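Asks: My structure is below; once you've seen it, I'll send some questions.
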């Protein structure tokens with residue numbers, strides 16, 4: 001049986017490689033991300049894109065290097081013209097808050113390439129119930145599949161969510 005395909009958005013890579021946060025919610029997300037990455041990532045055919053690479057290259061050079069190393073073995077989904085067209089459609093029709101072209105590109109890449117899961121911690125622009133509903137309607141009208149947009153927590157299978165390490 002083929003593994004399901006998972007597109008890893010840059011927020012997940014950042015949580016995986018970041019220094020320990022003192023914020024309890026961020027710390028919990030980091031712990032969940034580590035558990036998922038280390039115990040469950042192998043269950044998926046993982047992919048990223050040039051958009052992810054561009055985002056994780058930003059900031060502190062040492063931290064960027066760690067992020068790039070974490071994804072170094074993952075194949076890149078190509079940004080074809082239909083991806084750009086779909087991202088523009090999402091931006092126009094779904095009324096993404098603020099400047100969110102990169103977020104629409106992540107979703108368009110996962111949709112055009114028929115990825116099973118788009119894994120993200122970006123719950124404002126990507127894993128947002130209102131966005132997901134409109135996205136499903138738009139993709140249906142465009143005749144393409146919609147990935148399941150979720151956080152690493154939702155892909156932990158039957159594992160207990162680890163308590164934050166204080």
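Asks: Based on DSSP H runs of at least 4 residues, each adding -39500 (n - 2.57), what is the mean residue ellipticity at 222 nm of the chain after dividing by all its residues, to the nearest 500 deg cm²/dmol? Write down the numbers at each step before the final one.
Replies: Numbers: 7 runs with 81 residues, N = 166.
Taking each H run of at least 4 residues, the total per residue is -15000 deg cm²/dmol.
Asks: Rounded to the nearest 5, what % of the DSSP beta bridges within the stretch 5-155 are antiparallel ones?
Replies: Numbers: 0 of 11 bridges.
Here the share of antiparallel DSSP bridges comes out near 0 percent.
Asks: Can you give me the angle between helix 81-94 and the longest principal axis of the chain, using Cα atoms only, in degrees from 0 to 90, rounded to the nearest 10?
Replies: 90 degrees
Asks: Using per-residue counts of other Cβ atoms within 10 Å, averaged over each peptide, order 137-147, 9-19 from highest down.
Replies: Per-residue mean Cβ counts within 10 Å order the peptides as 9-19, 137-147.
Asks: On C-alpha positions alone, give me the angle between the axis of helix 24-39 and the longest principal axis of the chain, in degrees, nearest 10.
Replies: Roughly 80 degrees, rounded to the nearest 10.
Asks: Please state the shape class of the chain: rounded when a/c is under 1.5, otherwise prolate if a/b exceeds b/c and oblate if not, all from the C-alpha gyration tensor. It would help to have the intermediate numbers written out before the result.
Replies: Values: a/c = 1.56, a/b = 1.47, b/c = 1.07.
Prolate, because a/c is 1.5 or more and a/b exceeds b/c.
Asks: How many nm is it between the label spots at residue 65 and residue 45, if each spot is 7 Å from the Cα in line with the beta carbon?
Replies: According to this spin-label approximation, the distance is 3.4 nm.
Asks: A further question follows. Counting other C-beta atoms within 10 Å, which of 119, 112 has the fewest, and how do the rest follow?
Replies: Numbers: 119 30, 112 23.
Result, fewest neighbours first: 112, 119.
Asks: Would you mind pulling out the separation of the Cα centroids of the stretch 131-150 and the stretch 59-75, in Å?
Replies: Distance between centres, Cα-based: 30 Å.
Asks: Now a separate question. Using only Cα atoms, find the angle between the long axis of helix 129-142 and the longest principal axis of the chain, and express it within 0 to 90 degrees, rounded to the nearest 10.
Replies: 40 degrees
Asks: Go through 51-62, 72-83 and give me the packing order, highest mean Cβ count within 10 Å leading. Working shown, then result.
Replies: Details: 51-62: 15.1, 72-83: 13.4.
Final packing ranking: 51-62, 72-83.
Asks: Here's something else I'd like to know. Take the alpha carbon gyration tensor of the stretch 56-95, find the square roots of its eigenvalues, order them as a ≥ b ≥ c, and report rounded if a/c is under 1.5; if not, report prolate when a/b exceeds b/c, else oblate.
Replies: Details: a/c = 4.21, a/b = 1.98, b/c = 2.12.
Oblate is the answer for the stretch 56-95, as a/c is 1.5 or above yet b/c matches or exceeds a/b.
Laboratory data are not the source of any read-out in this text; all were calculated from the coordinates shown. As the structure is a prediction and not an experimental result, all values here were calculated from the model. Virtual Cβ from ideal backbone geometry, glycine too; neighbours counted across all protein chains shown.
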